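See below for the structure under consideration.
The values are calculated or read from the model by the stated rules, or taken from the named source; none is laboratory data. Computed from a prediction, not measured in an experiment: that's the story for all the values here. Don't worry about glycine lacking a Cβ; one is built from the backbone with ideal geometry, like all the others, and counts go over all protein chains shown. Accessible surface areas use protein heavy atoms only, side chains included; no ligands, DNA or RNA. Shrake-Rupley method; radii C 1.70, N 1.55, O 1.52, S 1.80 Å.
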Amino acid sequence: MKLTYFTGTVPNFGDALNPWLWPQLLPEGFLDRDESELFLGVGSILWDHYPGSARKIVMGSGFGGYAAAPDVHDGTWNVVFVRGPRTAAYLELPQEKAICDSAILLRALELPPPTEGVGVAFMPHYHSFSRADWARVCRRAGVRLIDPRDPVEKVLSEIRGARMLITEAMHGAIVADALRTPWLAALPIHAENQGKWLDWSESLGLDLERHALQPASVLEAYIARTGGRRYYEGRARRWSGSALARPANLALVELAARHLSRLSRREPQLSGDGRIGEATERALEALHSFVRNRSRVLERQA
């Protein structure tokens with residue numbers, strides 16, 4: 001059974017959780033390179049272009065709308081649980097399948113120790129680093145940058161050590177909530193990354209409060225204004241990187257830093273201890289039940 005998750009050209013914390021998380025939760029030898037069975041875990045990875053003949057096992061994944069929804073009723077899917085009620089509705093699954101994002105299972109593992117002295121931190125979406133100088137924004141705002149492209153253990157330590165996490169990255173919020181670090185949701189500047197937040201937050205009964213970010217470059221200002229439509233994005237990217245745009249970019253960095261500083265003084269969110277404890281227990285039981293059933297099938301086949 002092959003562990004299957006999104007892999008892009010740039011590392012991303014949410015996706016990179018998969019090879020760190022699942023080998024610790026599943027029995028030794030459970031995962032291999034056999035592509036006739038695909039194990040789908042953390043991420044918005046429920047789409048329609050997996051091999052039709054492969055068996056797909058879904059363990060807390062979500063539908064992100066990046067591609068057409070798959071037909072999970074065609075006989076090749078075993079949906080153990082999904083990220084939230086919106087994914088369940090899209091895929092015409094019973095609502096009891098909507099437990100939570102599987103990153104909640106970090107709560108069942110021994111984690112790296114908290115990084116000391118983090119204070120208030122900000123995690124941008126990993127795509128945002130190619131659009132603006134968010135490291136400079138954080139320095140100007142007096143806020144610790146947590147880079148989602150860093151190794152998983154480093155990011156986990158920093159989130160654990162933060163007094164509060166402002167995050168544009170959804171898995172920043174998901175993991176912070178699981179680890180009981182108060183967080184504040186920053187509305188992603190790119191519109192296509194906004195919808196999946198509600199799927200997760202509704203699974204924990206959260207009334208999600210989302211706060212707009214101030215664009216930190218000419219390119220981000222264009223993306224925010226157009227909602228991410230890409231007809232002129234190449235031209236905007238070239239202009240944003242030119243010497244002529246440098247004064248405008250510096251001014252936008254300063255405005256973004258001031259705005260981030262104001263956000264650092266807002267009241268953060270956290271799901272209820274009882275609610276996340278219940279979701280963790282349900283996710284663990286669903287995982288363990290799947291492993292037990294599969295072990296019985298393999299024993300009968302031996």
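The figures follow:
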quantity	calculated
Only one of I159, I146 that is without any contact (Cβ under 8 Å) to a residue 40 or more places away in the chain, within 20 Å of D273 (Cα to Cα), open to solvent by less than 40 Å² (accessible area, probe 1.4 Å) and not polar (S, T, N, Q)	I159
Selection count where residues are without any contact (Cβ under 8 Å) to a residue 60 or more places away in the chain, open to solvent by 10 Å² or more (accessible area, probe 1.4 Å) and not in a loop (DSSP other than H, G, I, E, B), scope segment 101-128	1
Filter result (at pLDDT 95 or above and open to solvent by 50 Å² or more (accessible area, probe 1.4 Å)) within segment 54-79	R55, D71, H73, D74, G75
Those residues of segment 20-53 which are open to solvent by 60 Å² or more (accessible area, probe 1.4 Å), within 25 Å of A169 (Cα to Cα) and modelled with pLDDT of 95 or more, in sequence order	P23, Q24
Residue match in segment 136-152 (condition: more than 27 Å from L184 (Cβ to Cβ) and of a type in the set (A, V, I, L, M, F, W, C))	no
Search result, residues across segment 6-19 that are surrounded by fewer than 19 Cβ atoms within 10 Å (Cβ to Cβ) and under 23 Å from N78 (Cβ atoms)	F6, T7, P19
Given (1) within 29 Å of L105 (Cα to Cα); (2) open to solvent by 50 Å² or more (accessible area, probe 1.4 Å); (3) part of a helix (DSSP H, G or I), index of the condition P247 fails	(1)
Selected residue (only one of G277, G234 is at negative phi, loosely packed, with under 14 Cβ neighbours inside 10 Å and modelled with pLDDT of 95 or more)	G277
Residue check, F63 out of contact with any Pro (no Cβ under 7 Å at 6 or more places or on another chain), aromatic (F, W, Y), within 21 Å of F39 (Cα to Cα) and in a loop (DSSP other than H, G, I, E, B)	yes
Test: residue in segment 179-190 that is farther than 20 Å from C138 by Cβ and modelled with pLDDT of 95 or more	yes
Of the criteria (1) open to solvent by 40 Å² or more (accessible area, probe 1.4 Å); (2) free of Cβ contacts under 8 Å to residues at least 12 places away in the same chain, which one A88 fails	(1)
Residues of segment 141-183 satisfying the condition of being outside any helix (DSSP H, G or I) and out of contact with any strand residue (DSSP E or B) (no Cβ under 9 Å at 6 or more places or on another chain)	R149, D150, P151, L179, R180
Test: residue in segment 96-116 that is more than 24 Å from I159 (Cβ to Cβ) and not hydrophobic (A, V, I, L, M, F, W, C)	yes
Complete set of residues in segment 197-227 that are under 24 Å from A89 (Cβ atoms) and assigned to a helix (DSSP H, G or I)	W197, L198, D199, W200, S201, E202, S203
Whichever residue in segment 14-49 is aromatic (F, W, Y) and part of a helix (DSSP H, G or I) and, among such residues, is farthest from T167 (Cα to Cα)	W22
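Per-residue answers, yes or no, for (1) modelled with pLDDT of 95 or more; (2) open to solvent by less than 20 Å² (accessible area, probe 1.4 Å):
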position	(1), (2)
I174	yes, yes
G195	no, no
W200	yes, yes
I223	no, yes
